[in-house]
Amino acid sequence: MRLLDRYLLRELCVPLTYCLAGFLIFWVSFDLFDNLEDFQSAHLTGAEIGRYYLVKTPELLVMVLPVALLLALLFALSNHGRHNEMIAMRAAGISLARISVPYITVGLLLSALVFYLNESLVPDSIQRAEAIKRGHQQSFVDEVWQSRVNFRNAHDNRIWNIAAFNTETHQLIEPHVEWRLPDGTRRQLIAQRGARTNDSWVFYNLELFTYAPGVPFDKAASKPLRTNILILPELTDTPENMELQLKFQRMNRIEAAKRTQLSLGEVRYLREHLKLNPLDRALLETQFHARLAEPWICLVVALVALPFGANTNSRRNVLVGVASSIFIVFTYFILHRFGLALGVSGKVPPWIAGWSPNALFAGFGIWLAWKIK
């Protein structure tokens, strides 16, 4: 790494660290005062409150990283402009593209970080935070039991109808399961209880009906298998699969139009194992493309901020550049929300809804940089 690259990175990383720390402190302080009464009524300890904010930190980082990078880039570039360092570097024969390499690298690294957070930590952060916040309340204890759960695995020809499903212990009350074997044989299980043990489903006080290929369900088997306990490892559906379908069933289009709520892995599972109507498929595919495009916001921010910050050599130009770039980036976020709304409603193809804001603003930033090179 050249000495110049190290210098530019140091001048960027210092304000970036301050911006991130400031956003985190401001958000935690504001949210703590806003929810203090709820924490007290829930009888949360200090450790539980700390764990609550620790769980929500990845979600916050995904939102604030692009804005923090924008402010840090503008601050660093305006400092270089005020001290005529940009002019000196350009006079030395260093192109704007070469000067931009450290900033583009940081944008790419932060994009990778956002992708990791989105896929590994963010999808369940809201539910986990609410579980901590309401863990001592009886209403929350009641909510872990989901009634009348209908789960369908279209890929493996299995249908589950469950009277009650415990999302914490994964117990089942009155599960009815129907599935088809590869040779066409159909089976129907009716049990009083079920549970997940050692990666297999265990059913209690059950009847198991088996139907030869072509025999309708209304002609019940004369001698079904009746037993007190039965382990069926062939039922590979997991409690996590059931919870994912419950999450997708509860997802409404208004919330889906505000932000991405499903990871790429979750989208792939739902795409493969559900039979979707056109509107649900539009919602799912829009979430998929928006999730793929979302991490690249950090790179887009870098591309937009660079031409504004690099072309400032006076206080007035600095203020104009800061105001203009902030306006453009917030316009980006508005168009991103607008694209999600059009995508989940089926008005535009999902890939256009997810990727067009990135392509539009990245191209705009590259065009501005080319004009001042």
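Taken together, the values in this text are just the output of simple stated rules run on the coordinates, not laboratory data. Treat the numbers as computed from the prediction; the structure is a model and nothing was measured. All Cβ positions, glycine included, derive from the backbone under ideal geometry; neighbour counts span all protein chains shown.
Summary of computed values
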{"item": "Which of 63, 86 has the fewest Cβ neighbours within 10 Å, and the rest in rising order", "result": "63, 86"}
{"item": "Estimated inter-spin distance, residue 367 and residue 259, nm [label 7 Å along Cα→Cβ]", "result": "3.1 nm"}
{"item": "Charged-residue dipole, Cβ positions (Lys, Arg, Asp, Glu), segment 157-236 about Cα centre, Debye nearest 20", "result": "200 debye"}
{"item": "Dipole magnitude of the chain, debye to nearest 20 (Cβ charges: Lys/Arg +1, Asp/Glu -1, about Cα centre)", "result": "1260 debye"}
{"item": "Sequence of 204, 269 once ranked by neighbouring C-beta atoms within 10 Å, starting from the fewest", "result": "204, 269"}
{"item": "Matching label, Rg/Rh (Cα atoms, Kirkwood Rh) computed from the structure shown, candidates (1) 1.11; (2) 0.99; (3) 1.14", "result": "(1)"}
{"item": "The chain: most fluctuating residue of 117, 44, 292 per GNM, C-alpha cutoff 10 Å", "result": "44"}
{"item": "Gain on full stretching of the segment that runs from residue 157 to residue 348 - 0.36 nm per residue minus C-alpha separation", "result": "65.6 nm"}
{"item": "Candidate aspartates and glutamates for bridging to residue 223, where Cα separation is under 16 Å - those fewer than 8 sequence places away on the same chain excluded", "result": "207"}
{"item": "Whether segment 37-164 is rounded, prolate or oblate, judged on the alpha carbon gyration tensor where a/c under 1.5 counts as rounded", "result": "oblate"}
{"item": "Amide N of segment 170-211 lying under 18 Å from the label point, which is placed 7 angstrom from the Cα of residue 236 along Cα→Cβ", "result": "178-185, 187, 197-202"}
{"item": "Cα-based radius of gyration of segment 35-93 once divided by 2.2 N^0.38 Å, which approximates compact folds", "result": "2.05"}
{"item": "Estimated FRET transfer efficiency (residue 41, residue 127; beta-carbon r; R0 22 Å; 0.05)", "result": "0.60"}
{"item": "Fraction of alpha-carbon pairs over 15 Å apart in segment 157-236 - percent", "result": "56 percent"}
{"item": "Inter-site label distance for residue 337 and residue 5 at 7 Å from Cα along Cβ, in nm", "result": "3.9 nm"}
{"item": "Charge-dipole axis of segment 157-236 as Lys and Arg at +1 and Asp and Glu at -1 on Cβ define it, positive-most pick from 200, 211, 173", "result": "211"}
{"item": "At R0 = 41 Å, FRET efficiency that the Cβ-Cβ distance of residue 48 and residue 275 yields, to 0.05", "result": "0.50"}
{"item": "Segment 157-236, relative contact order [Cα under 8 Å, separation at least 6], %", "result": "23 percent"}
{"item": "At least 30 Å along the helix axis (C-alpha) and Kyte average at least 0.5, DSSP helices within the chain", "result": "3-41, 46-82, 315-344, 350-371"}
{"item": "Sorted by Cβ neighbour density within 10 Å, fewest at the top, the residues 13, 19", "result": "13, 19"}
{"item": "Net lengthening on full extension, residue 29/residue 195 (0.36 nm per residue, minus Cα-Cα)", "result": "55.5 nm"}
{"item": "Cα lying deepest toward the dipole's positive end in the chain, options 68, 190, 153, charges on Cβ", "result": "68"}
{"item": "Sequence-separation-based contact order of the chain, relative, with Cα cut under 8 Å and 6+ spacing, percent", "result": "17 percent"}
